Amino acid sequence: MITPNNIAPTEANAVNSQSHIAISWSDRSNDELGFKIYRRLSTENEPSIIAESVLVSPYIDNTLTEGQQAYYSVTAYNDNGQSANSKVVSATLDSIKPSVSSHTPLNNQQLTGSSVSVSIVFSETILLRDMNAVNISGTSCSYYSGQWHQYTIYPASVFNTELNTLFCSGDTVTVTIDKDGVQDLSGNNLDQDYSFTFSIQ
């Protein structure tokens with residue numbers, strides 16, 4: 001028999017999958033007939049049931065439009081009633097992948113001096129998922145590329161770093177951005193790896 005509070009679905013999660021939101025959960029009951037999915041859009045005050053008789057996790061919500069944010073919870077039910085709600089989770093439908101809008105130095109630019117500023121502007125706020133998301137390497141010099149930390153958010157969409165090029169005359173520098181290491185706040189990765197080069201004179 002289902003009783004409130006003690007068998008609510010756990011580990012609820014909502015993930016943007018570009019064309020839909022996937023809502024998942026863990027089942028703690030052993031006699032449910034199914035699950036009910038509740039949803040509240042960011043423009044609404046109260047949640048409503050968007051699906052009943054759901055049998056398995058995940059549930060796919062493909063009714064949102066681009067940029068809509070939704071809040072979800074899940075309950076288990078049987079003939080005796082339904083459980084308490086799972087925790088509320090949220091996601092925003094976002095099908096647009098981030099991209100590199102511009103960068104300095106420019107590709108194949110020749111520079112002089114004891115230091116070089118590398119700046120990469122993305123199309124939206126991005127998250128560096130690992131320390132190797134942006135790799136900077138030279139043909140004759142090594143550049144420290146571990147100064148940016150895993151899971152660092154760049155709210156201004158701009159990544160900046162300063163390279164010491166004092167003894168690197170004649171070096172060709174390649175900046176590589178790993179598509180799997182950079183994502184927007186909805187979980188979309190870059191469409192492909194991106195790289196550019198410049199030289200130190």
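The values are calculated or read from the model by the stated rules, or taken from the named source; none is laboratory data. The model shown is predicted, which means the values in this text are computed figures rather than measured ones. Note that each Cβ is placed from the backbone with ideal geometry, even for glycine, and that neighbours are counted across all protein chains shown. Accessible surface is based on the protein model in full, side chains and every heavy atom, while ligands, DNA and RNA are left aside. Shrake-Rupley method; radii C 1.70, N 1.55, O 1.52, S 1.80 Å.
Here is a list: 54, 88, 15. Which entry is touching a Gly at 6+ places or on another chain (Cβ under 6 Å) and hydrophobic (A, V, I, L, M, F, W, C)? Only one candidate passes the filter, namely 54. Restricting 91, 133 to those that are of a type in the set (A, V, I, L, M), closer than 15 Å to residue 174 by Cα and either loosely packed, with under 15 Cβ neighbours inside 10 Å or in contact with a strand residue (DSSP E or B) (Cβ under 8 Å, 6 or more places away or on another chain) (or both) reduces the list to 133.
Restricting the first member to segment 94-120 and to residues that are at positive phi, and the second to residues that are assigned to a strand (DSSP E or B), the beta-carbon pairs closer than 7 Å and six or more apart or on different chains are 108/197; 108/198.
Is there a residue being open to solvent by less than 60 Å² (accessible area, probe 1.4 Å) and of a type in the set (A, V, I, L, M) anywhere in segment 148-157? Spell out the reasoning first.
Quick first cut of segment 148-157, residues open to solvent by less than 60 Å² (accessible area, probe 1.4 Å) only: 148, 152, 154, 157.
The next check asks that each one be of a type in the set (A, V, I, L, M); those that pass are none.
Checking segment 148-157: not a single residue is open to solvent by less than 60 Å² (accessible area, probe 1.4 Å) and of a type in the set (A, V, I, L, M).
Restricting the search to segment 177-199, which residues are in contact with a Ser or Thr (Cβ under 8 Å, 6 or more places away or on another chain) and open to solvent by 50 Å² or more (accessible area, probe 1.4 Å)? Once the filter is applied, which keeps residues that are in contact with a Ser or Thr (Cβ under 8 Å, 6 or more places away or on another chain) and open to solvent by 50 Å² or more (accessible area, probe 1.4 Å), segment 177-199 yields 185, 191, 193, 194, 195.
Considering only residues in segment 30-69 that are without any contact (Cβ under 8 Å) to a residue 40 or more places away in the chain, loosely packed, with under 11 Cβ neighbours inside 10 Å and of a type in the set (S, T, N, Q), the one that is nearest to residue 10 (Cα to Cα) turns out to be 30. Do you know which residues across segment 11-29 are modelled with pLDDT of 95 or more, open to solvent by less than 50 Å² (accessible area, probe 1.4 Å) and closer than 20 Å to residue 77 by Cα? If the condition is that a residue be modelled with pLDDT of 95 or more, open to solvent by less than 50 Å² (accessible area, probe 1.4 Å) and closer than 20 Å to residue 77 by Cα, then 12, 23, 24, 25, 26 are the ones that fit.
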